[in-house]
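Comments concern the structure below.
The values are calculated or read from the model by the stated rules, or taken from the named source; none is laboratory data. The structure displayed is predicted, hence computed values, not measured ones. Ideal geometry is used to build each Cβ from the backbone, glycine not excepted, and the neighbour counts take in all protein chains shown. For the accessible areas, the whole protein counts, side chains as well, though only heavy atoms, and no ligand, DNA or RNA atoms are used. Shrake-Rupley method; radii C 1.70, N 1.55, O 1.52, S 1.80 Å.
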Amino acid sequence: MATSMVMPAMADPGGAVPASTGTDVWAGIIIEDLDAKVKVEVPTLFAFVVKGTTTVTDNSPVTSANGDIYLPNVKVDVTTPSVGGQGAVYNLQTEGNLTVEGKLPFTNYSTFKNASGQREGLAVKINGNIKNEGDDASRKYWTHTTSSNTGLNDFKKYNISVDENKFDTVANGGLQMAGTGISLAAPNTDPLGDLSYSNVDSDDYAIVGETHHAKFDVLVGGKKGQYTQVEESAKIGNIVWTISAEMQNDVDTAPNEDYLQP
(Lines give C-alpha, C1' and ligand atoms only; values in the text may rest on other atoms or scores of the structure.)
Protein backbone atom coordinates (compact mmCIF):
# COMPACT_ATOMS: atom_id res chain seq x y z
CA MET A 1 0.00 0.00 0.00
CA ALA A 2 1.42 3.33 -0.97
CA THR A 3 1.54 6.03 1.66
CA SER A 4 2.21 9.72 1.38
CA MET A 5 3.89 12.01 3.85
CA VAL A 6 3.98 15.76 3.79
CA MET A 7 6.04 17.95 6.08
CA PRO A 8 7.28 21.54 6.17
CA ALA A 9 10.92 22.14 5.33
CA MET A 10 11.20 24.93 7.89
CA ALA A 11 10.73 24.72 11.60
CA ASP A 12 10.29 28.49 11.82
CA PRO A 13 8.13 29.99 9.03
CA GLY A 14 9.83 33.35 9.57
CA GLY A 15 13.30 32.05 8.88
CA ALA A 16 15.26 30.46 6.07
CA VAL A 17 16.99 27.08 5.87
CA PRO A 18 20.74 27.35 5.17
CA ALA A 19 21.56 25.39 2.04
CA SER A 20 25.04 24.69 3.41
CA THR A 21 23.68 22.18 5.91
CA GLY A 22 20.41 21.20 4.26
CA THR A 23 17.14 20.36 5.91
CA ASP A 24 16.71 17.17 7.90
CA VAL A 25 13.07 16.15 7.89
CA TRP A 26 11.98 12.87 9.48
CA ALA A 27 8.91 10.97 8.38
CA GLY A 28 5.97 11.52 10.69
CA ILE A 29 4.27 8.23 9.87
CA ILE A 30 4.91 4.61 10.85
CA ILE A 31 6.03 2.59 7.85
CA GLU A 32 7.71 -0.76 7.40
CA ASP A 33 11.08 0.99 7.04
CA LEU A 34 11.19 2.84 10.36
CA ASP A 35 14.24 4.94 9.44
CA ALA A 36 13.20 6.31 6.05
CA LYS A 37 15.20 9.51 5.67
CA VAL A 38 14.18 12.68 3.86
CA LYS A 39 16.74 15.41 3.39
CA VAL A 40 16.55 18.21 0.83
CA GLU A 41 18.68 21.30 0.41
CA VAL A 42 16.61 24.29 -0.61
CA PRO A 43 17.60 27.85 -1.57
CA THR A 44 17.88 30.13 1.43
CA LEU A 45 16.37 33.28 -0.06
CA PHE A 46 15.14 34.78 -3.29
CA ALA A 47 16.21 38.21 -4.43
CA PHE A 48 15.87 40.47 -7.42
CA VAL A 49 16.66 44.04 -8.38
CA VAL A 50 14.74 46.19 -10.84
CA LYS A 51 17.06 48.03 -13.20
CA GLY A 52 15.19 51.31 -13.23
CA THR A 53 15.90 54.65 -14.85
CA THR A 54 16.19 58.32 -13.92
CA THR A 55 13.80 59.10 -16.79
CA VAL A 56 10.59 59.36 -14.82
CA THR A 57 8.54 59.65 -18.03
CA ASP A 58 9.57 56.12 -19.11
CA ASN A 59 6.23 54.29 -19.10
CA SER A 60 7.52 50.99 -20.46
CA PRO A 61 6.82 47.78 -18.48
CA VAL A 62 9.47 46.08 -16.36
CA THR A 63 10.36 42.60 -17.65
CA SER A 64 13.19 40.14 -17.10
CA ALA A 65 13.10 39.29 -20.81
CA ASN A 66 14.18 42.85 -21.62
CA GLY A 67 16.94 42.81 -19.01
CA ASP A 68 15.05 45.08 -16.62
CA ILE A 69 15.38 42.68 -13.67
CA TYR A 70 18.53 41.23 -12.15
CA LEU A 71 17.71 37.73 -10.96
CA PRO A 72 19.02 35.82 -7.94
CA ASN A 73 20.81 36.42 -5.84
CA VAL A 74 21.63 40.11 -6.21
CA LYS A 75 22.74 42.46 -3.47
CA VAL A 76 22.68 46.24 -3.77
CA ASP A 77 25.62 47.68 -1.88
CA VAL A 78 24.72 51.35 -1.37
CA THR A 79 27.65 53.56 -0.40
CA THR A 80 25.71 56.83 -0.55
CA PRO A 81 21.89 56.86 -0.53
CA SER A 82 20.23 58.95 -3.20
CA VAL A 83 18.18 62.06 -2.53
CA GLY A 84 15.22 62.53 -4.82
CA GLY A 85 16.58 59.88 -7.17
CA GLN A 86 19.93 61.65 -7.57
CA GLY A 87 23.46 61.27 -6.24
CA ALA A 88 23.49 57.60 -5.26
CA VAL A 89 26.73 55.68 -5.18
CA TYR A 90 26.25 51.92 -5.33
CA ASN A 91 27.32 48.66 -6.89
CA LEU A 92 25.52 45.39 -7.56
CA GLN A 93 26.90 42.16 -6.13
CA THR A 94 25.83 38.55 -6.57
CA GLU A 95 25.82 36.31 -3.52
CA GLY A 96 24.11 33.32 -1.96
CA ASN A 97 23.85 29.85 -3.47
CA LEU A 98 23.20 30.68 -7.12
CA THR A 99 25.23 28.15 -9.15
CA VAL A 100 23.66 28.51 -12.59
CA GLU A 101 22.67 31.92 -13.90
CA GLY A 102 18.96 32.62 -13.39
CA LYS A 103 18.36 29.30 -11.62
CA LEU A 104 18.03 28.02 -8.07
CA PRO A 105 19.52 24.68 -6.93
CA PHE A 106 17.53 22.02 -5.07
CA THR A 107 19.39 18.87 -3.98
CA ASN A 108 17.68 15.68 -2.83
CA TYR A 109 19.56 13.26 -0.51
CA SER A 110 16.53 11.20 0.55
CA THR A 111 16.60 7.39 0.77
CA PHE A 112 14.52 4.45 1.95
CA LYS A 113 15.08 0.73 2.43
CA ASN A 114 13.74 -1.25 -0.53
CA ALA A 115 12.35 -4.79 -0.55
CA SER A 116 15.88 -6.20 -0.91
CA GLY A 117 17.03 -4.43 2.23
CA GLN A 118 19.20 -1.94 0.30
CA ARG A 119 19.07 1.82 0.65
CA GLU A 120 17.42 3.29 -2.44
CA GLY A 121 16.97 6.88 -3.50
CA LEU A 122 13.60 8.44 -2.73
CA ALA A 123 12.00 10.94 -5.11
CA VAL A 124 10.21 13.87 -3.49
CA LYS A 125 8.07 16.82 -4.46
CA ILE A 126 8.38 20.33 -3.10
CA ASN A 127 6.01 23.25 -3.05
CA GLY A 128 6.65 26.74 -1.76
CA ASN A 129 4.62 29.43 -0.05
CA ILE A 130 5.36 33.16 0.05
CA LYS A 131 3.78 35.48 2.60
CA ASN A 132 3.85 39.25 2.86
CA GLU A 133 5.47 39.37 6.29
CA GLY A 134 5.68 42.55 8.35
CA ASP A 135 3.99 45.84 7.46
CA ASP A 136 4.17 47.83 4.24
CA ALA A 137 6.97 50.07 5.48
CA SER A 138 9.15 47.16 6.64
CA ARG A 139 8.77 45.59 3.19
CA LYS A 140 9.64 48.88 1.46
CA TYR A 141 6.07 48.72 0.14
CA TRP A 142 6.72 45.61 -1.94
CA THR A 143 3.76 43.20 -2.13
CA HIS A 144 3.80 39.65 -3.41
CA THR A 145 0.59 39.09 -5.36
CA THR A 146 -0.91 36.90 -8.07
CA SER A 147 0.54 37.11 -11.56
CA SER A 148 -2.59 38.82 -12.88
CA ASN A 149 -1.96 41.83 -10.61
CA THR A 150 1.44 42.87 -11.97
CA GLY A 151 0.39 45.35 -14.65
CA LEU A 152 1.54 48.90 -15.38
CA ASN A 153 -0.64 50.27 -12.58
CA ASP A 154 0.73 47.83 -9.96
CA PHE A 155 3.89 49.59 -8.75
CA LYS A 156 6.01 47.41 -6.44
CA LYS A 157 3.73 44.40 -6.80
CA TYR A 158 5.46 41.21 -7.91
CA ASN A 159 4.89 37.51 -8.51
CA ILE A 160 7.53 34.78 -8.20
CA SER A 161 7.69 31.66 -10.36
CA VAL A 162 9.98 28.63 -10.11
CA ASP A 163 10.23 26.34 -13.15
CA GLU A 164 7.36 28.38 -14.61
CA ASN A 165 5.15 27.41 -11.65
CA LYS A 166 3.65 30.73 -10.58
CA PHE A 167 2.84 31.34 -6.94
CA ASP A 168 -0.82 32.02 -7.71
CA THR A 169 -2.74 29.71 -5.35
CA VAL A 170 -4.04 31.17 -2.08
CA ALA A 171 -3.05 28.84 0.78
CA ASN A 172 -1.81 29.00 4.39
CA GLY A 173 -1.91 32.76 4.62
CA GLY A 174 0.14 33.30 1.46
CA LEU A 175 0.48 32.26 -2.15
CA GLN A 176 1.90 28.91 -3.25
CA MET A 177 2.60 27.18 -6.56
CA ALA A 178 -0.36 25.81 -8.43
CA GLY A 179 -0.60 22.02 -8.58
CA THR A 180 1.87 19.73 -6.87
CA GLY A 181 4.94 21.90 -7.31
CA ILE A 182 8.36 20.64 -8.43
CA SER A 183 9.44 16.99 -8.64
CA LEU A 184 12.96 16.16 -7.46
CA ALA A 185 14.42 12.92 -8.79
CA ALA A 186 15.78 10.28 -6.42
CA PRO A 187 19.54 10.18 -5.85
CA ASN A 188 21.39 7.20 -7.29
CA THR A 189 22.50 5.11 -4.31
CA ASP A 190 24.14 2.40 -6.47
CA PRO A 191 26.04 4.41 -9.11
CA LEU A 192 28.09 1.42 -10.40
CA GLY A 193 25.05 -0.81 -10.64
CA ASP A 194 26.64 -3.80 -8.91
CA LEU A 195 26.40 -2.88 -5.20
CA SER A 196 30.21 -2.57 -5.07
CA TYR A 197 29.97 1.08 -4.06
CA SER A 198 27.22 2.63 -2.00
CA ASN A 199 26.44 6.32 -2.34
CA VAL A 200 24.96 6.31 1.16
CA ASP A 201 26.53 7.71 4.32
CA SER A 202 26.40 6.34 7.86
CA ASP A 203 23.18 8.29 8.51
CA ASP A 204 21.48 6.67 5.50
CA TYR A 205 21.43 9.81 3.38
CA ALA A 206 22.87 9.91 -0.13
CA ILE A 207 26.46 11.19 -0.12
CA VAL A 208 26.04 12.81 -3.52
CA GLY A 209 22.52 14.09 -3.93
CA GLU A 210 20.48 14.63 -7.06
CA THR A 211 20.48 18.35 -7.93
CA HIS A 212 17.83 20.12 -9.95
CA HIS A 213 18.46 23.66 -11.13
CA ALA A 214 15.05 25.32 -11.25
CA LYS A 215 14.37 28.37 -13.38
CA PHE A 216 13.65 31.44 -11.27
CA ASP A 217 11.64 34.34 -12.66
CA VAL A 218 9.61 37.26 -11.41
CA LEU A 219 6.86 39.47 -12.78
CA VAL A 220 7.07 43.06 -11.56
CA GLY A 221 4.29 45.61 -11.86
CA GLY A 222 4.58 49.32 -12.49
CA LYS A 223 6.38 51.46 -15.05
CA LYS A 224 10.14 51.53 -15.47
CA GLY A 225 10.24 55.26 -14.77
CA GLN A 226 8.80 54.66 -11.28
CA TYR A 227 11.94 52.78 -10.22
CA THR A 228 14.39 55.66 -9.85
CA GLN A 229 16.19 54.83 -6.60
CA VAL A 230 18.22 51.64 -6.73
CA GLU A 231 18.06 51.02 -3.00
CA GLU A 232 14.25 51.10 -3.29
CA SER A 233 14.31 48.75 -6.30
CA ALA A 234 15.70 45.66 -4.52
CA LYS A 235 13.59 42.94 -2.97
CA ILE A 236 14.73 40.06 -0.77
CA GLY A 237 12.35 37.51 0.71
CA ASN A 238 12.06 33.88 1.71
CA ILE A 239 9.97 30.91 0.71
CA VAL A 240 8.60 28.30 3.12
CA TRP A 241 8.97 24.94 1.37
CA THR A 242 6.86 21.84 1.92
CA ILE A 243 8.27 18.41 1.03
CA SER A 244 6.13 15.41 0.12
CA ALA A 245 7.18 11.85 -0.65
CA GLU A 246 5.35 8.66 -1.51
CA MET A 247 6.48 5.33 -0.09
CA GLN A 248 5.63 1.97 -1.63
CA ASN A 249 6.31 -0.15 1.46
CA ASP A 250 3.56 -1.56 3.67
CA VAL A 251 2.25 0.53 6.51
CA ASP A 252 2.10 -0.83 10.06
CA THR A 253 -1.37 0.19 11.20
CA ALA A 254 -1.01 -1.22 14.72
CA PRO A 255 1.78 -2.00 17.22
CA ASN A 256 3.33 -5.43 16.56
CA GLU A 257 5.56 -6.14 19.56
CA ASP A 258 5.70 -9.82 20.64
CA TYR A 259 4.03 -9.18 23.96
CA LEU A 260 1.00 -7.74 22.13
CA GLN A 261 0.45 -10.85 20.05
CA PRO A 262 -2.19 -13.49 21.07
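Using a 1.4 Å probe over the heavy atoms of the protein chains, calculate the carbon and sulfur portion of the accessible area of the stretch 137-209 as a whole percent. Write out the running numbers ahead of the final one.
Numbers: 1890 of 3850 Å².
Reported share for carbon and sulfur atoms: 49 percent.
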Given a Förster distance of 45 Å, the FRET efficiency implied by the Cβ-Cβ spacing of ALA123 and ASP58, rounded to the nearest 0.05, works out to 0.45
